Amino acid sequence: MRHVKDIADLDKARKEILKERDPGARVVAVCCGTGCIACGGGKVAEAFREEVESRGLASKVRVLTTGCHGFCERGPLVVIQPGGTLYQQVKPEDVPEVVETSVVGDGLVERLLYVDSASGEKIVREEDVPFYKHQTRLILGRNGVLDPTSIEDYVAIGGYAPLAKALGSMMPDEIVAAVKSSGLRGRGGGGFPTGKKWESCLKAPGDTRYLICNADEGDPGAYMDRSILEGNPHSVLEGMVIGAFALGVNEGYIYVREEYPLAVANFTRALDDARAAGLLGENILGTGFAFDVSVARGGGAFVCGESTALMASIEGRPGEPRPKHIHTVERGLRMRPTVLNNVETWANVPLIVDKGADWFAEIGTEGSKGTKIFSLVGKVVNTGLVEVPMGVTLREIVDDIGGGIRGGREFKAVQTGGPSGGCIPADLLDLEVDFDRLTEAGSMMGSGGMIVMDDRNCMVDIAKYFVGFLKDESCGKCTPCREGLRQMHAILSDICDGNGEARHIDELEYLSWGLEQTALCQLGSTAQNPVLTTLRYFKDEYRAHIEEKRCPAGVCKALVTYSVIADACTGCTVCAKKCPQECIEGEPKKVHAIDQDECIKCGICFESCKFDAIKIE
């Protein structure tokens with residue numbers, strides 16, 4: 001894209017880009033987010049380019065490599081425009097048929113269409129697939145219509161117009177007021193009102209301020225921020241530039257973990273292209289305003305998602321939190337006033353400036369406005385990224401969007417908010433999803449992780465897993481977190497190993513209280529959530545482990561015995577063939593038996609038996 005001299009010239013440049021494009025041309029959008037690339041999305045895109053080129057269609061058909069479309073369960077994904085035909089699980093060998101049938105012609109490759117698990121119906125259009133149909137994709141929706149490495153694509157769909165509006169017709173305090181009245185709350189976990197944070201930073205003494213984008217996304221199973229940075233980096237950058245103008249900031253940072261190479265590459269490309277176009281750096285859009293962004297790469301420490309630890313890491317010091325007697329909006333990076341918001345929060349800012357605070361405030365609930373992106377994973381049929389208005393119920397997300405529980409099994413719980421979140425049981429499935437309701441239930445919004453569990457998940461084991469994760473990720477600076485998590489994990493391990501005692505429940509509750517009240521940062525003070533919610537909603541499972549020495553879900557190996565149900569066994573020999581210990585005996589078509597002395601309780605026999613002839617005791 002050429003260099004843009006001023007605000008009027010940006011609109012002129014947009015018209016020049018659109019003039020060169022045929023709005024009715026065929027577009028083959030291939031998802032090349034990390035998930036689809038892992039499934040071969042890059043090879044599919046290359047196969048489309050080669051096929052289009054070999055047919056002499058390069059001037060008529062655009063092969064568009066996009067960021068994540070969200071429906072990761074079905075990748076690689078391909079959408080044909082116009083029309084929005086969605087093909088799923090596409091392979092390179094499918095490409096010639098797709099081009100011949102749906103690009104050159106107007107037919108359908110029916111074997112690649114999505115089949116609704118409930119009705120058996122084949123669905124053609126992407127927007128009609130239940131996974132997408134029940135979403136409101138204000139942020140993620142743009143991922144599927146642009147090449148994340150093309151600033152021209154972003155400008156063509158209206159990108160940087162909100163920045164031009166902010167610089168050309170709004171005063172800095174007007175922007176802060178708009179963000180405040182919109183009700184936008186931080187999407188990184190804490191849910192603090194964004195406008196209030198900005199306002200506090202403006203009031204803080206000092207002429208030098210900093211602005212940071214937190215892309216240190218470390219929750220197990222969560223990848224919302226990564227997908228935004230990979231698929232639409234300019235939306236985040238534009239939000240940061242608008243925020244910098246509103247706050248009088250000239251220097252900003254994005255802190256992104258080393259494990260996100262594609263996100264780093266695409267965002268770095270966005271920075272370079274924005275500088276070249278006059279949208280970043282000195283004299284932005286000819287207004288005299290200067291702002292630039294540096295990329296700081298973290299080593300993957302979970303604790304560096306905490307604001308003070310993150311800032312210490314940027315400064316080159318160990319990523320450890322410090323007491324917040326003075327908030328970072330007053331004394332943050334280099335002890336100067338600093339605004340820190342996460343990727344999704346910054347991506348919402350251009351929408352608020354463009355469409356207005358009132359428009360944004362109409363979406364969601366009284367205390368939680370706008371949409372929220374969740375990483376829906378676990379024992380659900382349709383996994384992936386979902387974007388929904390605040391206030392939808394957990395049931396709508398799990399059943400309508402997620403398609404229910406895999407294999408027709410029973411829903412047991414959903415863990416929200418990452419490792420420091422809580423486990424919400426089936427009788428709260430109609431709970432509205434917003435910051436306040438989740439907190440009342442003992443969980444939290446967090447950055448947006450959502451892990452669905454079925455009746456084969458042991459809740460004591462789940463608590464042990466998350467406490468173990470937090471124990472390993474604790475920086476060790478404060479005693480309550482360092483020692484408290486070790487003790488909690490040791491107790492939970494004893495319970496799962498069959499060594500639990502009645503006193504352990506009281507001890508877990510006491511340690512949880514101590515962490516909440518005395519830990520230095522949010523990693524420690526929220527670490528008790530998975531323990532307290534599993535105790536609150538699933539105490540019977542703890543009692544079964546402790547009093548009956550039994551794991552109801554059949555997960556904890558020390559408390560499990562696998563045996564053959566004689567009346568159900570057909571002697572098919574499948575279990576014997578798959579047993580890694582070769583400890584299942586029996587002749588074909590006769591009842592088998594498991595040698596308990598040799599059994600390692602791996603569960604392969606239970607999983608492989610088609611006749612439900614293996615029981616767990």
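Tabulated data
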| quantity | calculated |
| --- | --- |
| Tensor-based shape of segment 234-332 (alpha-carbon gyration tensor, a/c under 1.5 rounded, otherwise prolate or oblate) | oblate |
| For segment 488-590, the spread of Cα positions along each principal axis, largest first, Å | 62, 26, 21 |
| Distant alpha-carbon pairs in segment 353-451 (separation over 15 angstrom), percent | 59 |
| Surface/4 of the Cα convex hull for segment 290-338, nm² | 3.7 |
| Whole-Hz couplings from phi, Karplus 6.51/-1.76/1.60, listed for segment 549-559; x for Gly and Pro | 6, 9, 9, x, 8, x, 9, 6, 4, 5, 10 |
| Over segment 561-616: Kirkwood hydrodynamic radius from C-alpha pairwise inverse distances, Å | 10.8 |
| Protection proxy ranking, peptides 415-426, 181-192, 550-561, average beta carbon neighbours within 10 Å, highest first | 415-426, 181-192, 550-561 |
| Protection proxy ranking of 583-593, 362-372, 212-222, 339-349 - average other beta-carbon atoms within 10 Å, highest first | 339-349, 212-222, 362-372, 583-593 |
| Dipole magnitude of the chain about its Cα centre (Cβ charges: Lys, Arg +1; Asp, Glu -1), debye to nearest 20 | 960 |
| Rg over Rh, two decimals, segment 263-320 (C-alpha only, Kirkwood Rh) | 1.12 |
| Length-normalised contact order for segment 371-454 - Cα pairs under 8 Å, 6+ apart - percent | 37 |
| Relative contact order computed over segment 69-209 (Cα-Cα under 8 Å; 6+ residues apart), in percent | 13 |
| Kyte-Doolittle mean at least 1.0, axial Cα span of 15 Å or more - DSSP H helices of the chain | 233-247 |
| Cross-link pairs K5/K165; K549/K601; K165/K196; K203/K324; K324/K471 - those with Cα-Cα distance over 20 Å | K165/K196; K324/K471 |
| Whole-number Å³ per residue for the convex hull built on Cα positions in segment 53-176 | 143 |
| Base-10 log of normalised Debye intensity for segment 159-361 (one unit scatterer per alpha-carbon) at q = 0.08, 0.11 Å⁻¹ | -0.23, -0.45 |
| The chain, relative contact order [Cα under 8 Å, separation at least 6], % | 12 |
| Among 531-537, 394-400, 78-84, the order from most to least packed when residues are scored by Cβ within 10 Å on average | 531-537, 394-400, 78-84 |
| P(r) histogram, all alpha-carbon pairs of segment 208-250 included - 5 Å bins from 0, percent | 5, 20, 25, 18, 15, 11, 4, 0 |
| Cα Rg, Dmax, segment 459-547, angstrom units | 12.0, 37 |
| For segment 35-77, the spread of Cα positions along each principal axis, largest first, Å | 33, 15, 12 |
| Volume in Å³ per residue [convex hull over Cα atoms, computed for the chain] | 162 |
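We did not get these values from a lab; they are worked out from the coordinates using the rules stated. The model shown is predicted, which means the values in this text are computed figures rather than measured ones. No Cβ is skipped: glycine too gets one built from the backbone with ideal geometry, and neighbour counts run over all protein chains shown.
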